[in-house]
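The values are calculated or read from the model by the stated rules, or taken from the named source; none is laboratory data. Please read these numbers as outputs of a predicted model, since none were measured by experiment. Neighbour counts run over all protein chains shown; Cβ positions are idealised from the backbone, glycine included.
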Amino acid sequence: MDCYYIFNATMLSILYFTMNLIIAYGMELYNVKEGFVVEIKEVIEMGRKAAIRCRYNGIYGAYYYKGDSYVEWLSLSTRFLESSFPNDKDTRRFSELASKANGEGDRYYQPLMGILNAFEKIPVKPIKKDIFHLLHDIFTNFHRFDIAMKRRYGKRTTIEINDEHDLQDALFAILRLFIKDIQKETYVPNYAGSNSRVDFFLPEHELIIETKMASPSLQDKSIGEQLVTDFNRYKELIKARHLVCFIYDKDSNVYNPPTLIRDLEKLSDNVLTMSVFISPY
C-alpha cells in the first residue's frame, strides 16, 4: 500500500511538472472545465442552450436572460476567449458585454453570439510564451523533477543524474516536449587552436544551452572559468545570439550563486547575451 501511494505521488509530481510547462508555453489551445477540453463550437452550443433555459418574459412582451446557467456560460466563454485570443479587440468587447449581460435581453446576447461565431471561423493559434520563460520554468523546477524520478514504484530502474551526460540526457528529453529543432553537440569554429561543441543549439531561437554539473571538483571558480571560455568561444558561432547556462547543483557545491550569476551575466555584449540559471537555488 505504501508503494502504491509513493508511485502515485511520483507520477502526479512528474505530470504536474510537465503539464505546468506545457500550459506555460502556450500549447493549451482551449480552456479546461472539470477536466474536459472545451472547443469554441461547444461554447456556442452552451450559449444557445443557456438562452433557452434562462429566458424570461419581461414587461410589455420584452424578454431577458438571467440565471445560474447563463452566468456560468458567460464566465466560461469569457475565459475561453481570453485564453485563446488574448489582446484581441473582440475578446475585450466580449468581456465588457458579458459583464453586463445577465438580466439583459438580445441587445447583449446577440452581439456575444456574433463574436463567438466570428471566432469559430478563425483558426486558433498557439499562444507561445518567450523561450526564456520556458527555460526559466524548466531550470528552476529541474531539481523537483530529479527527485520525483528517483521515487519509482518497487524501486525500479530510473535515470540517475550523477554527471553532465546524465544531465544532458534528461534535459534533452524535457526540451523535446516543446522544441522540435534541437541540435546536440554542434561544432563551433576553432578557438585558441582547438575545436569545441555546444551542448544544445536551438536554431529557431538563435540560442545555445550549455550545462554544468557542480561537484567538489567543479565549483564557483572552475565553473566560472569554463563558462568565460565557452562564452568567448561561442561568439564565433554567428547564428547564435544567446547563451543560456544551466548549472545543476543538487549537492550545494556552489558557494555563492548570486555572485557567480552576476559576474557571468556581465559578459553579455551586443554580439552574444548570457543568462545563467543555478538549480536548486
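Every listed requirement among (1) loosely packed, with under 14 Cβ neighbours inside 10 Å; (2) at pLDDT 85 or above; (3) under 30 Å from residue 243 (Cα atoms) is met by residue 126 save one, (2).
Within the stretch 193-218, the set of residues being farther than 26 Å from residue 173 by Cα and either touching a residue at least 24 places away in the same chain (Cβ under 8 Å) or hydrophobic (A, V, I, L, M, F, W, C) (or both) comprises just one member, 216. Out of all the residues in the stretch 200-239, which are touching a helix residue (DSSP H, G or I) at 6+ places or on another chain (Cβ under 6 Å) and closer than 15 Å to residue 183 by Cα? Matches in the stretch 200-239: 205, 208, 210, 211.
Residues of the stretch 58-98 that are in a helix (DSSP H, G or I) and of a type in the set (Asp, Glu): 68, 72, 82, 90, 96.
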